[in-house]
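Enquirer: Encoded as C-alpha cells, here's the structure I'll be asking about.
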Amino acid sequence: MGDYVLDVNGTVVHVTAPADEPLLSVLRDRLNLTGTKYGCGEGQCGACTVLLNGVAMRSCRTPVSAAATAKIVTIEGLERHGVLSPVQQAFLDEEALQCGYCTSGMIMSATSLLSKTPNPTDEQIVGAMNGNVCRCGTYPRIVEAVRRAAHAAEKGAQ
Amino acid sequence: MNSHNIPELENFQEQYWNHSLKLTVDRRNFLRLLGGGMLFCLSYTPARAQESGRNGGGHELPKDISAWLHIGADGKVKVFTGKVEVGQNIRTSLAQQVAEELHVALESISMVMGDTALTPYDMGTFGSRTTPTMGPQLRTMAAAARQMLIEMAAERWQVPAEGLKPIQGKILDQQKSRWIAYGELTRGENLVKVVSGSVKLTPTSEWKVADTAASKVEGHDFVTGKHVYPSDIVRPGMLFGAVLRPDGFNATLESLDTADAEKLPDVKVIRDGDFVGVAGADASIAKKAIVALKAKWNTPVQISNSELFEYLKKNAESEDDSAHRAGSVEQALANADVKVESKYTVQYIAHAPLEPRAAVAEWNDGNLTVWTGTQRPFGVREELAQALQMPETKIRVIQPDMGSGYGGKHTGEAAVEAARLAKAAGKPVKVVWTRAEEFTWAYFRPAALIEVKGGASKDGKLVAWEFHNYNSGTAALGTPYDVANQLVQYHPVRSPLRQGSYRSLAGVANNFARESHMDAIAHAAGIDPLEFRLKNLQEPRLRAVLEAAAEKYGWKNAKATPGRGFGIACGTDKGGYVGAVAEVEIDSASKRIRIRRIVQAWESGAVINPNGIRNQISGGIVQAIGGALFEAILFEGGRILNPRFSRYRVPRFTDMPDIDVVILDRKDLPSAGAGEIGLIGVAPAVANAIFAASGVRIANMPMAPREDVPGEAQSTFKS
Ligand code: FES
Ligand code: FES
C-alpha cells in the first residue's frame with residue numbers, strides 16, 4: 001500500500017492503494033467516480049479512457065503510481081457549471097449511444113482527439129477512435145457526433 | 001459446472017406460435033430441447049411457460065391499473081414494467097406509448113423497470129417481445145386510466161363524461177371552459193380499477209407522440225457518467241468478491257489449500273462444495289486472494305473446434321415427427337434441372353456485452369436484495385431462491401439499466417455468487433466478472449451445422465428444398481419461398497459448450513444457410529439472384545423489403561467486377577421483414593475483405609420511435625458483421641482459447657461500411673420488435689457479395705477469421 005496525491009478533475013485527493021493498482025480501480029472503487037468503465041482490463045476496449053494531461057489513456061493499464069503526477073480528467077470532469085462540453089452535447093444531440101456503457105470512453109477519446117486535431121477528417125476520427133469498442137454498434141452515429149462536436153467548437157471559436 | 005443448454009424461451013415461443021411450420025412443442029419435446037442437466041432455472045419449467053403463453057411464467061398479469069401506473073398529486077406519472085432497458089431504448093419507447101394514451105407530456109413519465117419488488121412479474125426481456133406485448137399492455141392500462149380520470153372529473157363536476165377531453169395531463173370541460181389536472185383528481189391515490197375486456201386504444205394512424213423520434217430519456221446521465229450501471233452500485237460497508245474458476249468446463253475440485261489466501265489481511269475465503277470464493281476490502285486484495293488459492297481440478301477430456309461439427313451430426317437427438325414435410329423432395333430433386341447441395345457451418349460466438357456480469361448482494365434480517373445486470377430479473381430471483389434455498393418472497397432483484405446483453409444475460413451467475421459471498425461475509429458484496437470470465441463462464445450463441453439441398457427447374461422455379469439444422473435452433477428455420485416439396489427439420493443436440501439465447505437466435509444461421517443456398521441455385525441456373533428470389537416468393541411484405549433494398553442499392557444497374565461484388569438476401573422472423581444488399585471489396589494481394597456498403601430495408605409494422613429503431617437496426621448490422629466475418633470462440637479441452645478482446649475480434653470503427661436503412665412504416669399493421677432481426681440479412685448478403693466478387697462461395701461463419709478455426713477449411717479471405 002502506498003499513499004498517493006492525485007489531481008482528479010481539478011481537485012486534489014489522497015488515496016491509499018497498492019502501487020500496481022490500476023487507476024481505473026482507484027477512480028471507481030476508492031473515489032466513487034464510476035463514470036469510467038471496466039470493459040476488458042487489457043487496453044483493448046477503451047471503456048476506461050480518461051485524460052492524463054489532456055491525452056486519452058487507458059486507466060485500466062495505468063498504475064496509480066504512474067498517474068500521481070498528472071492532471072487527470074474523467075467523464076465527471078467535463079461538464080462545467082451545468083454546461084456540457086461540446087463533445088458531450090454532440091453525443092446527446094446525435095443520440096450516439098444505445099446502452100451507453102462505452103459512451104464515457106468514447107467521449108474521452110473524442111475529447112483528446114479534438115484537442116489536438118480540432119478539424120479531423122473521417123479517417124482521423126476512425127483512426128483515433130478505433131481502440132474504443134461499442135458492442136452495440138453505434139459507430140456511425142459516434143463518428144457523426146465527433147464531426148458535430150468539431151463543427152460546434154469551430155463555430156464557437158469564431 | 002456442467003455444460004448445458006440454457007433454456008431458450010424464445011425458441012419455445014417461436015415453436016409455440018409458428019403455426020405455419022406446425023412446430024408446436026409438447027412438454028416432452030421442450031424438455032428435450034433444453035437438453036436436461038440444468039443446474040438452475042429449475043422452476044423455469046416448460047409446463048409453466050406453456051400454460052402462461054405470452055404472458056409470463058404461470059403468473060397472471062395483474063389487471064389492476066394501479067399495478068402498472070400511478071399518477072402523483074403533482075401529476076408525475078410512474079409506470080411499472082418488469083421489462084428492462086439494455087440499450088434497446090424501451091425506457092423511452094414505452095414511455096412514449098403511455099404518453100400517447102394518457103395524454104400527458106413525455107417528460108412527466110418515469111418508468112420503473114425490472115424491479116421484482118415494484119413491477120409486475122415478467123418472464124424477461126428477449127425475443128423482441130417488448131414492443132408487441134408490453135407496448136399494448138401499457139397502452140391498455142394508460143387508456144383505461146385516462147377513461148377513469150374522465151369519469152372522475154365528470155363526477156366531480158356532475159356533467160356527462162362525453163363532453164370532457166383529456167389534454168396534456170388535464171381533463172378539459174370545453175363547454176364551461178374549465179379544467180382539472182390529473183394530479184388533482186388522483187391526489188396521489190392509486191387508480192383502483194380492474195381492467196377487463198378490451199379497451200379502445202388510439203389508432204396508430206392518430207399517434208402524435210409514440211411514432212416521433214423522441215430523444216432518449218435520461219440521455220444526459222449517460223453522457224456525464226452519472227448513470228449508475230449494475231457494476232457501479234455501491235452499498236455501505238460493501239466488500240469486493242471474486243470466485244475461483246475451475247481449470248476447465250465440467251471440472252471437479254480435487255483439492256484446495258486456502259492457507260496462503262487466508263493469511264492476507266481482511267480476506268474471507270468461502271467454500272461451499274465446488275464453489276470457492278473470496279471477499280475482501282477491495283478488488284485488488286480479492287484478486288490476490290484468488291491467485292493465492294491452491295486448487296487442483298479434475299477436468300474431463302472434451303471436444304474442441306476441430307471435432308465440433310462431426311459431434312453435432314453424431315449426437316443429434318432427432319425425432320421424425322418434428323420435421324416439416326410437404327410433397328416429395330427426393331422425387332422433385334431427381335427431376336430438377338438444377339441441383340445444389342451444401343453444408344454450412346456456424347461457430348459458437350460470444351455476446352461479449354461491454355459491461356460484464358455484475359451484482360451487488362445485501363442481506364438484511366434474512367431478506368436478500370440483489371442489484372444485477374440481467375434480462376430476466378424475475379428469473380434471477382428464482383435462481384437465487386433455488387441456490388440459497390429460500391422463498392422468493394424474501395428476495396428482491398433490481399436491474400439498473402445495464403451495459404447490454406444481446407440475449408447473453410438471461411442468467412444470474414454473478415447474482416448468486418454475490419449473494420453467497422455476502423451471506424458468508426455478513427456484509428454486502430460486489431462481484432464484477434472479468435472479461436475473461438465473461439468470455440468463458442457465460443454462455444454462447446449456439447454453433448450450427450446446416451445441410452441443405454435445393455432444386456430448381458430451368459426457368460427458375462424452385463421445386464425442392466431440404467434443410468437440416470443441427471443444434472442452433474428453430475428461429476427462421478422454414479423457408480419463406482414457395483416450394484411444393486419440402487423437408488425442414490431441426491435436430492437438437494446436447495451442446496458441448498454451454499449455449500443459450502443470442503440476438504435473433506438461430507435466425508442468423510438459418511438465414512445464412514438458406515439465402516446463401518438460394519444464391520447458389522440462382523447462379524447455377526444462370527438467373528439474377530434477385531429475380532430468382534422474386535420468382536419464388538409470394539409473401540408481399542418480404543417482397544416489399546427485398547425490392548426496396550435492391551432499389552435503394554441500385555441493383556439493376558450494378559455490375560460486379562473482380563474484387564468488388566454485391567449480394568442480396570432477405571428474411572423474416574418475429575413479425576419483422578428485412579431485405580439486405582451488401583457490397584464487398586476484396587484486396588487481390590492480401591485477400592482482405594472490406595464491407596463497403598450495406599443497404600437494409602426493414603418493415604416491422606407500425607413504427608414506434610423511428611430514431612430508436614434506426615439505432616437498433618444499424619447496431620444489429622454492425623453486430624452481425626462480427627459474426628459474419630471474424631467472430632469465433634476457439635475452445636479445446638474444456639477451455640476457451642481466446643477469452644479476450646485481443647484475440648476475439650469484435651467489430652470496430654474501421655470495419656464500418658456505409659449503412660443505409662430504409663424503413664417501411666406500415667401504420668396499418670401491429671408493431672413488432674426491432675432488437676433482433678436487423679442481424680439476419682447481413683451474413684448471407686455478404687457471403688453472396690463475396691461470391692460475386694471472387695467466384696468463391698464461403699459456407700462457414702465466420703467467413704474471414706483472423707485466426708484459422710481448427711477443423712474448418714482455411715478461409716481464402718482475411719479480415
Ligand atoms: S477496460 Fe481499459 S481498455 Fe478496456
Ligand atoms: S452503446 Fe452499448 S457498448 Fe456502446
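The values are calculated or read from the model by the stated rules, or taken from the named source; none is laboratory data. This is a predicted model, so every value here is computed, not measured. Every residue, glycine as well, gets a Cβ built from its backbone with ideal geometry; the counts of neighbours run over all protein chains shown. Areas reflect the complete protein model, heavy atoms only, side chains present, ligands, DNA and RNA absent. Shrake-Rupley method; radii C 1.70, N 1.55, O 1.52, S 1.80 Å.
The rows are residues; the columns are (1) outside any strand (DSSP E or B); (2) in contact (Cβ under 8 Å) with a residue 24 or more places away in the chain.
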position	(1), (2)
B:TYR502	yes, yes
B:ALA513	yes, yes
B:HIS523	yes, yes
B:LEU534	yes, no
B:VAL545	yes, yes
B:GLY571	no, yes
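Enquirer: Let me ask another. As an exercise: evaluate B:THR393 against (1) within 16 Å of ligand 1 (Cβ to nearest atom); (2) hydroxyl-bearing (Ser, Thr, Tyr); (3) surrounded by fewer than 21 Cβ atoms within 10 Å (Cβ to Cβ) and give the number of the one condition it does not meet.
Expert: Among (1) within 16 Å of ligand 1 (Cβ to nearest atom); (2) hydroxyl-bearing (Ser, Thr, Tyr); (3) surrounded by fewer than 21 Cβ atoms within 10 Å (Cβ to Cβ), B:THR393 violates only (1).
Enquirer: Which one of these does B:VAL234 not meet: (1) modelled with pLDDT of 95 or more; (2) open to solvent by 30 Å² or more (accessible area, probe 1.4 Å); (3) touching a helix residue (DSSP H, G or I) at 6+ places or on another chain (Cβ under 6 Å)?
Expert: Just one mismatch for B:VAL234, condition (3).
Enquirer: Given the conditions (1) β-branched (Val, Ile, Thr); (2) within 15 Å of ligand 1 (Cβ to nearest atom); (3) in contact with a helix residue (DSSP H, G or I) (Cβ under 6 Å, 6 or more places away or on another chain); (4) within 24 Å of B:LEU679 (Cα to Cα), and given that A:VAL133 satisfies all but one, which numbered condition is not satisfied?
Expert: (3)
Enquirer: Restricting the stretch B:192-216 to residues that are touching a Gly at 6+ places or on another chain (Cβ under 9 Å) and open to solvent by less than 40 Å² (accessible area, probe 1.4 Å), which is farthest from B:ASP401 (Cα to Cα)? Talk me through it step by step, then tell me what you get.
Expert: Kept after step one, since they are touching a Gly at 6+ places or on another chain (Cβ under 9 Å), are these residues of the stretch B:192-216: B:204, B:210, B:213-214, B:216.
Subset that is open to solvent by less than 40 Å² (accessible area, probe 1.4 Å): B:204, B:210, B:214, B:216.
Numbers: B:THR204: 28, B:ALA210: 21, B:ALA214: 19, B:LYS216: 13 Å.
My answer is B:THR204.
Enquirer: Quick one: which of B:LEU384, B:LEU368, B:LEU421 is assigned to a strand (DSSP E or B) and more than 14 Å from chain A (Cβ to nearest Cβ)?
Expert: Working: B:LEU384 fails: assigned to a strand (DSSP E or B); B:LEU421 fails: assigned to a strand (DSSP E or B).
Step by step, each of B:LEU384, B:LEU368, B:LEU421 is checked, and only B:LEU368 is assigned to a strand (DSSP E or B) and more than 14 Å from chain A (Cβ to nearest Cβ).
Enquirer: Just to be sure, is B:ALA334 more than 16 Å from ligand 1 (Cβ to nearest atom), in a helix (DSSP H, G or I) and farther than 25 Å from B:ARG498 by Cβ? Explain how you work it out, then say what you get.
Expert: Details: more than 16 Å from ligand 1 (Cβ to nearest atom): yes; in a helix (DSSP H, G or I): yes; farther than 25 Å from B:ARG498 by Cβ: yes.
So B:ALA334 fits the description; yes.
Enquirer: Among B:SER328, B:SER304, B:SER342, which is surrounded by fewer than 19 Cβ atoms within 10 Å (Cβ to Cβ) and touching a Pro at 6+ places or on another chain (Cβ under 8 Å)?
Expert: Working: B:SER328 fails: touching a Pro at 6+ places or on another chain (Cβ under 8 Å); B:SER342 fails: touching a Pro at 6+ places or on another chain (Cβ under 8 Å).
Result: B:SER304 is the single residue among B:SER328, B:SER304, B:SER342 that is surrounded by fewer than 19 Cβ atoms within 10 Å (Cβ to Cβ) and touching a Pro at 6+ places or on another chain (Cβ under 8 Å).
Enquirer: If you check B:GLY567 against the conditions, is it touching a Pro at 6+ places or on another chain (Cβ under 8 Å) and farther than 26 Å from B:HIS351 by Cβ?
Expert: Numbers: touching a Pro at 6+ places or on another chain (Cβ under 8 Å): yes; farther than 26 Å from B:HIS351 by Cβ: yes.
So B:GLY567 passes the test.
Enquirer: Could you pull out the residue among A:ASP7, A:ASP29 that is more than 13 Å from ligand 1 (Cβ to nearest atom), closer than 21 Å to B:VAL431 by Cα and not hydrophobic (A, V, I, L, M, F, W, C)? Give the derivation first.
Expert: Details: A:ASP7 fails: closer than 21 Å to B:VAL431 by Cα.
Testing whether each residue is more than 13 Å from ligand 1 (Cβ to nearest atom), closer than 21 Å to B:VAL431 by Cα and not hydrophobic (A, V, I, L, M, F, W, C) leaves just A:ASP29.
Enquirer: Any chance the stretch B:346-360 includes a residue that's under 29 Å from A:ARG135 (Cβ atoms), open to solvent by 10 Å² or more (accessible area, probe 1.4 Å) and at pLDDT 95 or above?
Expert: Narrowing the stretch B:346-360 to residues under 29 Å from A:ARG135 (Cβ atoms): B:346-360.
From what's left, open to solvent by 10 Å² or more (accessible area, probe 1.4 Å): none.
No, because not a single residue in the stretch B:346-360 is under 29 Å from A:ARG135 (Cβ atoms), open to solvent by 10 Å² or more (accessible area, probe 1.4 Å) and at pLDDT 95 or above.
Enquirer: Looking only at the stretch A:11-21, filter to residues that are under 25 Å from A:GLU79 (Cα atoms) and open to solvent by less than 70 Å² (accessible area, probe 1.4 Å); which one of those is farthest from the chain's Cα centre (by Cα)?
Expert: Taking the stretch A:11-21 first, the residues under 25 Å from A:GLU79 (Cα atoms) are A:11-15.
Filter again for open to solvent by less than 70 Å² (accessible area, probe 1.4 Å), leaving A:13, A:15.
Numbers: A:VAL13: 19, A:VAL15: 21 Å.
Once the filter is applied, the top-ranked residue is A:VAL15.
Enquirer: In the stretch A:54-75, is there at least one residue being away from ligand 1 (no atom under 15 Å from the Cβ), assigned by TED's automatic domain parsing to the domain that holds A:ARG147 and free of Cβ contacts under 8 Å to residues at least 12 places away in the same chain?
Expert: No: the stretch A:54-75 contains no residue that is away from ligand 1 (no atom under 15 Å from the Cβ), assigned by TED's automatic domain parsing to the domain that holds A:ARG147 and free of Cβ contacts under 8 Å to residues at least 12 places away in the same chain.
Enquirer: Have a look at B:ALA251, B:ALA242 and point out the one that is of a type in the set (A, V, I, L, M) and over 19 Å from A:PRO22 (Cβ atoms).
Expert: B:ALA251
Enquirer: Among (1) more than 14 Å from chain A (Cβ to nearest Cβ); (2) in a loop (DSSP other than H, G, I, E, B); (3) in contact with a Phe, Trp or Tyr (Cβ under 6 Å, 6 or more places away or on another chain), where does B:ARG649 come up short?
Expert: Among (1) more than 14 Å from chain A (Cβ to nearest Cβ); (2) in a loop (DSSP other than H, G, I, E, B); (3) in contact with a Phe, Trp or Tyr (Cβ under 6 Å, 6 or more places away or on another chain), the lone unmet condition for B:ARG649 is (1).
Enquirer: Here is a check on your reading of the model: is A:GLN44 facing chain B (nearest Cβ under 7 Å) and touching a residue at least 60 places away in the same chain (Cβ under 8 Å)?
Expert: Numbers: facing chain B (nearest Cβ under 7 Å): yes; touching a residue at least 60 places away in the same chain (Cβ under 8 Å): yes.
Criteria met by A:GLN44.
Enquirer: While we're here: If B:GLY407 passes every condition in (1) in a loop (DSSP other than H, G, I, E, B); (2) away from ligand 2 (no atom under 16 Å from the Cβ) but one, which one does it miss?
Expert: Only one criterion in (1) in a loop (DSSP other than H, G, I, E, B); (2) away from ligand 2 (no atom under 16 Å from the Cβ) is unmet by B:GLY407, namely (2).
Enquirer: If you don't mind, there's one more thing I want to ask. Within the stretch A:90-121, how many residues turn out to be within 8 Å of chain B (Cβ to nearest Cβ), more than 16 Å from ligand 1 (Cβ to nearest atom) and not charged (D, E, K, R)?
Expert: Taking the stretch A:90-121 first, the residues within 8 Å of chain B (Cβ to nearest Cβ) are A:91-92, A:95, A:97-104, A:107.
In the following step, the residues that additionally are more than 16 Å from ligand 1 (Cβ to nearest atom) were identified as A:91-92, A:95, A:97-98.
Of the ones still in play, those that are also not charged (D, E, K, R) are A:91-92, A:97-98.
Going through the stretch A:90-121 one residue at a time, the tally reaches 4.
Enquirer: Anything in the stretch A:135-147 that is crowded, with 19+ Cβ neighbours inside 10 Å and at negative phi? List them, or say none. I'd like the intermediate steps shown before the answer.
Expert: In the first step, residues of the stretch A:135-147 are kept if they are crowded, with 19+ Cβ neighbours inside 10 Å; the result is A:135-143, A:145-146.
Passing the criteria: A:ARG135, A:CYS136, A:THR138, A:TYR139, A:PRO140, A:ARG141, A:ILE142, A:VAL143, A:ALA145, A:VAL146.
Enquirer: Go through (1) assigned by TED's automatic domain parsing to the domain that holds B:ARG644; (2) modelled with pLDDT of 95 or more; (3) of a type outside the set (A, V, I, L, M, F, W, C) and name the single condition B:THR474 misses.
Expert: (2)
Enquirer: Of everything in the stretch A:122-156 that's free of Cβ contacts under 8 Å to residues at least 12 places away in the same chain and more than 13 Å from chain B (Cβ to nearest Cβ), which residue is nearest to ligand 2 (Cβ to nearest atom)?
Expert: Here the answer is A:HIS151.
Enquirer: So, one more: For B:ASN250, indicate whether it is in contact with a strand residue (DSSP E or B) (Cβ under 6 Å, 6 or more places away or on another chain) and more than 30 Å from B:ARG91 (Cβ to Cβ). Steps first, please.
Expert: On the way: in contact with a strand residue (DSSP E or B) (Cβ under 6 Å, 6 or more places away or on another chain): no; more than 30 Å from B:ARG91 (Cβ to Cβ): yes.
Criteria not met by B:ASN250.
Enquirer: For B:LYS76, work out the one condition from (1) out of contact with any helix residue (DSSP H, G or I) (no Cβ under 9 Å at 6 or more places or on another chain); (2) at pLDDT 95 or above; (3) not hydroxyl-bearing (Ser, Thr, Tyr) it doesn't fulfil.
Expert: Tallying (1) out of contact with any helix residue (DSSP H, G or I) (no Cβ under 9 Å at 6 or more places or on another chain); (2) at pLDDT 95 or above; (3) not hydroxyl-bearing (Ser, Thr, Tyr), B:LYS76 fails exactly one: (1).
To keep it simple, each residue is scored yes or no on (1) assigned to a loop (DSSP other than H, G, I, E, B); (2) in contact (Cβ under 8 Å) with a residue 24 or more places away in the chain; (3) surrounded by 22 or more Cβ atoms within 10 Å (Cβ to Cβ).
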| residue | (1), (2), (3) |
| --- | --- |
| B:VAL622 | no, yes, yes |
| B:GLY626 | no, yes, yes |
| B:GLU631 | yes, yes, yes |
| B:THR654 | no, no, no |
| B:GLY673 | yes, yes, yes |
| B:ALA687 | no, yes, yes |
| B:PHE691 | no, yes, no |
| B:ARG697 | yes, yes, no |
| B:ASP708 | yes, no, no |
